[in-house]
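The values are calculated or read from the model by the stated rules, or taken from the named source; none is laboratory data. The model shown is predicted, which means the values in this text are computed figures rather than measured ones. Backbone-built Cβ (ideal geometry, glycine too); neighbour counts: all protein chains shown. Keep in mind that these areas ignore ligands, DNA and RNA; they rest on the heavy atoms of the full protein, side chains included. Shrake-Rupley method; radii C 1.70, N 1.55, O 1.52, S 1.80 Å.
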Amino acid sequence: MRDNTSREASNVVKEMINKAITKKFDVKNMISISRTIRIADLGCSVGPNTFIAMQNVIAVVEKKYYSQVLPSEKLEFQMFFNDHISNDFNTLFASLPVDRQYFVAGVPGSFYELLFPSSSLQFVHSAYALHWLSKVPKKLLDKKSLAWNKGKIHYIGASDEVRNACAAQFEKDMENFLNARSKEIIAGGMMVLIMVGLPDDFQPSETSTGVTFNFLESSLMDMVNAMSH
Ligand SMILES: C[S@@+](CC[C@H](N)C(=O)[O-])C[C@H]1O[C@@H](n2cnc3c(N)ncnc32)[C@H](O)[C@@H]1O
């Protein structure tokens with residue numbers, strides 16, 4: 001279900017990505033000695049959304065490039081698919097599009113740390129992944145803390161202290177993410193981040209994700225309670 005939701009949302013942002021590349025991505029200058037464009041998708045999961053998104057980026061970059069240079073000066077693409085080490089990279093690799101026009105590498109590890117050599121990427125994409133915190137803030141697990149989350153798995157419906165602790169962790173994580181990318185992406189490169197967001201006057205519990213998490217949480221709680229009795 002989440003796959004389809006992400007795909008629909010990706011379709012919505014596709015136009016925005018296309019416009020950003022067409023307007024701002026200086027593909028001609030980016031190609032100096034090597035004509036290889038290196039692209040990373042961070043938090044790629046097992047596909048197929050990542051393949052669809054990456055194919056779209058390649059198509060727009062190619063279109064822009066060939067409108068500026070002779071078609072004989074061919075571009076090459078190298079795709080880096082990143083996710084946690086526990087991601088099922090076997091499934092990802094087994095389902096790679098057979099007609100793909102790019103080289104492939106898997107990059108295991110957290111995107112909150114350095115994943116690539118300095119100045120090695122021209123384009124970074126990440127969709128629906130940055131809302132995962134790097135860790136549960138300690139305060140949420142501490143029964144003596146005001147931010148104790150009472151064993152809940154998310155902050156929906158929780159106290160301000162819980163929300164603030166999550167927000168503080170998100171801030172730290174984003175800083176680490178941006179610091180790492182600022183080293184890895186070459187000058188003039190581009191990064192597209194697609195993230196879940198909420199207008200200020202919206203409660204997380206009013207969203208479909210909020211409802212899903214509530215169901216998931218109550219099932220997990222039932223299982224834990226059943227095991228401990
Ligand atoms: C909801 S899926 C999105 C998958 C795909 N990008 C899409 O649009 O369908 C989120 C992915 O982000 C990955 N992820 C979460 N935190 C991560 C981290 N710190 N480093 C790398 N991957 C992470 C998860 O393992 C998961 O595969």
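For region 185-199, which residues satisfy the criterion of being under 20 Å from TYR155 (Cβ atoms) and either under 16 Å from the mean Cα position of the chain (by Cα) or surrounded by 19 or more Cβ atoms within 10 Å (Cβ to Cβ) (or both)?
MET195, VAL196, GLY197
Quickly run through region 115-132 and pick out the residues that are near the ligand (Cβ under 10 Å from one of its atoms) and modelled with pLDDT of 95 or more.
Within region 115-132, LEU115, HIS125, SER126, ALA127, ALA129, LEU130 qualify.
Would you check if there is a residue in region 26-34 being in a loop (DSSP other than H, G, I, E, B), in contact (Cβ under 8 Å) with a residue 24 or more places away in the chain, aliphatic (A, V, I, L, M) and surrounded by fewer than 19 Cβ atoms within 10 Å (Cβ to Cβ)?
Yes, some residue in region 26-34 is in a loop (DSSP other than H, G, I, E, B), in contact (Cβ under 8 Å) with a residue 24 or more places away in the chain, aliphatic (A, V, I, L, M) and surrounded by fewer than 19 Cβ atoms within 10 Å (Cβ to Cβ).
Of all residues in region 154-184, which are open to solvent by 80 Å² or more (accessible area, probe 1.4 Å) and outside any helix (DSSP H, G or I)?
TYR155
Going by the structure shown, is LEU70 modelled with pLDDT of 95 or more, among the aliphatic types (A, V, I, L, M) and on the phi < 0 side of the Ramachandran plot?
No; evaluated as a whole, the condition is false for this residue.
Quick one: count up the residues across region 82-98 that are farther than 17 Å from HIS125 by Cβ and either of a type in the set (A, V, I, L, M, F, W, C) or at pLDDT below 95 (or both).
Of the residues in that region, 5 qualify.
Looking at (1) more than 16 Å from the ligand (Cβ to nearest atom); (2) free of Cβ contacts under 8 Å to residues at least 24 places away in the same chain; (3) out of contact with any strand residue (DSSP E or B) (no Cβ under 9 Å at 6 or more places or on another chain), can you tell me which one GLU73 breaks?
(2)
Give, as residue ranges, the strands (runs of 3 or more DSSP E) completely inside region 74-153 that count at least 3 residues that are open to solvent by less than 30 Å² (accessible area, probe 1.4 Å).
By residue number, 76-83, 121-127.
Among GLN68, GLN78, which is the only one that is more than 16 Å from the ligand (Cβ to nearest atom) and either closer than 20 Å to PHE111 by Cβ or under 13 Å from the mean Cα position of the chain (by Cα) (or both)?
Going through GLN68, GLN78 in turn, the sole match is GLN78.
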